[in-house]
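> Next up is a structure, given as C-alpha cells.
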Amino acid sequence: MTKHKCGWCVGDDLYEAYHDNEWGVPVYDDDTLFEFLTLETFQAGLSWITILRKRENFRAAFDNFDYKKIANYTEDKIQELLKNEGIIRNKLKVRATVTNAKLFMDIQKEFGSFSKYIWAFVDGKPIKNKLKHYKDAPANTAISDALSKDLKKRGFKFVGSTVVYAHMQATGMVNDHEVGCFRYNVV
C-alpha cells in the first residue's frame with residue numbers, strides 16, 4: 001500500500017526523500033537552522049528542487065554551513081564561491097550569506113541561541129495547520145511577516161516574509177503537511 005504524501009513532492013525521488021525525512025520536522029539545532037536559512041536565501045526566486053539538487057555542493061562550498069567560518073570569509077573566498085558552478089552564483093546571495101552568518105551569531109549572543117530567538121515567534125511549539133491540499137498553504141502569515149521584519153531590522157538579507165515562511169515550514173515551526181499525508185501526525 002502506497003502512503004499518501006503531500007502533492008508537491010510526488011514523482012521525484014529526491015523531493016520525496018526530503019519530504020519524508022526532513023520537511024516539517026521541528027529543528028531546534030542552531031547549525032541546522034543556519035543551513036536551512038542559507039538554503040532558503042539561495043532559493044529566493046528559484047524552485048526548492050533546484051536547491052535540493054545542489055545541496056551537497058553548497059555544503060562543500062560553504063564549509064558544511066559553519067556560520068563561524070562563513071562569518072570570516074574574505075573577499076578572495078567570496079570570489080572563489082562566485083566561480084563555483086556547483087552552487088547558485090548570485091553575488092548578492094553569496095554576500096548575504098556572509099552577512100547573515102555574522103548576524104546569526106549576534107542573535108546567539110543576545111538570546112543564548114538562534115533557536116530560542118526564532119522559536120519564540122511561535123511560542124516554542126509548531127503551529128499545526130489543517131491543509132487538505134498543499135496549494136492551500138499560505139505564502140506568508142502575520143508571524144512570518146513579523147519575523148521577516150525583525151530579521152531585516154537586524155540587517156539580515158534575503159529574508160522576505162515568503163522566504164521566512166518557507167523556512168518555518170522546512171524547520172517545523174509550522175506543520176503544512178496535508179492532513180491526509182502520512183507525515184502530518186508524525187511531525
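The values are calculated or read from the model by the stated rules, or taken from the named source; none is laboratory data. Quick caveat, the model's predicted, so the values are computed rather than measured. Positions of Cβ are generated from backbone atoms using ideal geometry, with glycine treated the same way; all protein chains shown enter the neighbour counts. When the accessible area is computed, the model is the full protein with side chains, heavy atoms only, and any ligands, DNA or RNA have been set aside. Shrake-Rupley method; radii C 1.70, N 1.55, O 1.52, S 1.80 Å.
> Which one, VAL27, ILE107, ALA17, is farthest towards the positive end of the dipole of the chain when Lys and Arg carry +1 and Asp and Glu -1 on their Cβ?
Of the listed residues, the answer is ILE107.
> Another question about this same structure. As I understand it, the value is the acute angle between the Cα axis of helix 91-111 and the longest principal axis of the Cα atoms of the chain; what does it come to in degrees, rounded to 10?
80 degrees
> I've got another one for you. Among the listed pairs LYS102/LYS135; LYS125/LYS157; LYS54/LYS102; LYS68/LYS152, which have their C-alpha atoms separated by more than 31 angstrom in this model? Walk me through the numbers before you get to the answer.
Values: LYS102/LYS135 35 Å; LYS125/LYS157 26 Å; LYS54/LYS102 24 Å; LYS68/LYS152 20 Å.
Violating the 31 Å Cα-Cα cut-off are LYS102/LYS135.
> Where only protein heavy atoms count, and the probe is 1.4 Å, what is the accessible area per residue for the stretch 123-187 in Å²? It would help to have the intermediate numbers written out before the result.
Working: 3220 Å² over 65 residues.
The answer is 49 Å² per residue.
> Suppose every K and R has +1 on its Cβ and every D and E has -1 on its Cβ; what is the size of the dipole of the stretch 10-135 about the Cα centre, in Debye to the nearest 20?
440 debye
> Can you list the equivalent-ellipsoid semi-axes of the stretch 1-75, largest first and in whole Å, using the square root of 5 times each Cα gyration tensor eigenvalue?
In descending order, the three semi-axes are 27, 14, 10 Å.
> A further question follows. Tell me, what ³J(HN,Hα) does each residue in the stretch 16-28 have, in order and in whole Hz, if you take phi through Karplus 6.51 cos²θ - 1.76 cosθ + 1.60 with θ = phi - 60° and put x for Gly and Pro?
So the Karplus estimates, Gly and Pro as x, are 5, 5, 4, 4, 6, 10, 10, 4, x, 7, x, 10, 10 Hz.
> Distance from a point 7 Å along Cα→Cβ of THR162 to each backbone N in the stretch 115-153: keep the residues under 11 Å and list them by number.
139-140
> By how many nm would the segment from LYS116 to TYR28 lengthen if fully extended, with 0.36 nm per residue of separation less the alpha-carbon distance?
My answer for the length gained is 30.9 nm.
> What residues have an amide H closer than 5 Å to that of ASN175, excluding those fewer than 5 places away on the same chain, when H is modeled at 1.01 Å from N in the peptide plane?
Distant-sequence amide H within range of ASN175: ILE127, LYS128, ASN129.
> How far apart, in nm, are the 7 Å Cα→Cβ label points at ASP136 and ARG95?
Spacing of the two 7 Å Cα→Cβ label points: 4.3 nm.
> Now a separate question. Label the stretch 25-135 by shape, choosing from rounded, prolate and oblate, from the square roots a ≥ b ≥ c of the eigenvalues of the Cα gyration tensor; if a/c is under 1.5 it is rounded, and otherwise prolate applies when a/b is larger than b/c, oblate when it is not.
oblate
> Please enumerate, by chain and number, the aspartates and glutamates with C-alpha under 16 Å from the C-alpha of LYS5, excluding those fewer than 8 residues away in the same chain.
In chain and number order, the partners are ASP13, GLU16, ASP20, GLU22, ASP136, ASP176, GLU178.
> Can I ask one more? So what is the 222 nm mean residue ellipticity for the chain from helices alone, if each DSSP H run of at least 4 adds -39500 (n - 2.57) and you divide by all residues, rounding to the nearest 500 deg cm²/dmol? Present the calculation step by step, with values, prior to reporting the outcome.
Numbers: 9 runs with 98 residues, N = 187.
After summing the helix terms and dividing by residue count, I get -16000 deg cm²/dmol.
> What is the extension gain from ARG59 to LYS109, computed as 0.36 nm multiplied by their sequence separation minus the C-alpha to C-alpha distance, in nm to one decimal?
So the chain would gain 15.5 nm between ARG59 and LYS109.
> May I ask for log10 I(q)/I(0) of the chain at q = 0.09, 0.12, 0.19, 0.20 Å⁻¹, from a Debye sum over the Cα atoms as equal point scatterers with solvent left out?
So the normalised log intensities work out to -0.32, -0.57, -1.37, -1.48.
> Next question, about the same structure. May I ask for the angle, rounded to the nearest 10°, between helix 30-43 and the longest principal axis of the chain, with both axes built from Cα atoms and the value confined to 0 to 90°?
Here the helix axis deviates by roughly 90 degrees.
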